[in-house]
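Derivation of every value follows stated rules applied to the coordinates shown; laboratory data play no part. For clarity, every value in this text was computed on a predicted model and none was experimentally measured. Cβ sites come from the backbone with ideal geometry, for glycine too, and all protein chains shown count toward neighbours.
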Amino acid sequence: MEKYVINGGSHLNGCVKIQTAKNSVLPILAATVLTDGKVTVCDVPKITDVRNMVKILGCLGCRAVYEKNDLIIDASTADCCEIPSVLARELRSSVFLLGSVVSRFHRAKIAYPGGCDIGLRPIDIHLAGLKRLGVKITEASGYISCECDKLIGNEIMLDCPSVGATENIMLAAVKADGVTVIKNAAREPEIEDLQKFLNFIGANVSGAGSGTVVIKGVNELKGGRFRPVCDRIEAGTFLIAAAMCGGEIELDGVNAELLSSLLHKLRENGCKIRVKDDKIYLKSEKRLYSVKNIETQPYPGFPTDLQAQMTTLCSVCKGHTIITENLFETRFKYVPELKKMGADITVIGRNAFVRGVENLKGAELVAHDLRGGAALVLASLAAEGKSEVLDISYIDRGYSDFEYKLRAIGGDIVRIAV
Ligand code: UD1
């Protein structure tokens, strides 16, 4: 067990290199099972979700080796279609393997996926989509078993635009007979990135980024070298950190277009923001103003994965904000922790009513999930005095070198074994 010890009050100044997106790398790693060619995924982030996905690939019989920051996957040796619960429970994205494993072996058995506890997180839409492709599904003793003679393309209407279900069905359909059309598909940039990767290795997918994705089945996929898109959530977290602490930071290797909803809000808060090529500059000079409302929505709306960080920022702005979480039911678990620091926030159902206070005070805090945990780190960096953030293994699921990157721009943060 490890914790962060943070002395708040420093401004953040300097440059941060943005990692490749966790939510892009994970489905791409799942997709490697579809090919016998060697795939090199460049600059994979050093996060536990990736490490666990690599363990699962190993358990399926794939070979994975790191070459510096690149990860080379050779799935030609894959010979197993079962993912034990001890691994599946480590990360939500284990569910993506249903699509790719059933495509490869026409069989798959996987324990119910784990991941951060931010709500019910059902997988009914994933399973309904697979059934439409001809997969027979049985559920027993915490396991989902899939079987089919072959996968057959079909039209699939999603009940809601689920990111994971869109990706899972894409993976299952890539080598199916005929054409699959996913309607009401999610439009997140990471889905477009998955399409880019799949086409790069020989698939025929179009429409990702819109509400309709069309997958024409192909017989074979090859290997190749691919660099996933930038992590817009990591980028957003650093922007909000600088907005809260004050200072001037530059993000390098980022696509500002993917962060439009956040940049719009931060400008309303009073931050000065400039975009040039793959860089975003943010300057925050004085106490910021509240924005009236923030509502999480599917892309291109405000991302649920930045809700906790943004609520934390609002907790020290001048004025009131109402934050509405539309995607996940229990994504305000960090609020009681912020209250220990003096934040004035009331949660009623899906809404958090925030009254900005002058400043937060250091406290002992517990992380309950990945993004909520990162928000507590931001609060501690901006607070007066010393804070400790416990259970930081949640944060390690999604942020690579988090404390190194924060220290490099002036944050006083160290990791300590408990
Ligand atoms: C992905 C992201 C996660 C992000 C979320 C929303 C990855 C690895 N994770 O999660 O970081 O917070 O998108 O942008 O990419 N739903 C159902 N049934 C299903 C599937 C989903 O009811 O079968 C509901 C969920 O409960 C939720 C909503 O749909 O309310 C959106 O979830 P979804 O888009 O599937 O999120 P994930 O793919 O789990």
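Miscellaneous remarks
- Global form of the stretch 340-405, assessed from the alpha-carbon gyration tensor, a/c cut-off 1.5: oblate
- Selection from G14, A30, A185 lying farthest towards where the dipole of the chain points positive, charges on Cβ: G14
- Cα pair distances of the chain binned at 10 Å [whole percent]: 5, 23, 31, 24, 13, 4, 0
- Distance between the stretch 341-414 and the stretch 227-241 - C-alpha centres, whole angstrom: 17 Å
- Residue-count net charge about I201 - beta-carbon cut-off 12 Å; Lys, Arg +1, Asp, Glu -1: +3
- Normalising the average separation of contacting C-alpha pairs (under 8 angstrom, six or more residues apart) by the number of residues puts the relative contact order of the stretch 7-99 at 29 percent.
- For the stretch 154-201 and the stretch 6-55, distance of Cα centres in Å: 21 Å
- Charged-residue dipole, Cβ positions (Lys, Arg, Asp, Glu), the chain about Cα centre, Debye nearest 20: 400 debye
- Taking a Cβ cut-off of under 11 Å around E90, the surrounding Lys, Arg, Asp and Glu residues balance to a net charge of +4, with basic ones at +1 and acidic ones at -1.
- Within the stretch 22-226, the ratio Rg/Rh, alpha carbon atoms throughout and Rh by Kirkwood, equals 0.92.
- Alpha-carbon Debye profile of the stretch 306-349, log10 I(q)/I(0) at 0.23, 0.31 Å⁻¹: -0.81, -1.44
- Simple point charges give the picture: +1 on the Cβ of Lys and Arg, -1 on the Cβ of Asp and Glu, and for the stretch 22-226 a dipole about the Cα centre of about 140 debye.
- Sequence-distant contacts, meaning Cα pairs under 8 Å at least 6 residues apart, place the relative contact order of the chain at 21 percent.
- Springs join every pair of Cα atoms under 10 Å in this Gaussian network model of the chain, and among R355, R232, R407 the largest mean-square fluctuation is at R407.
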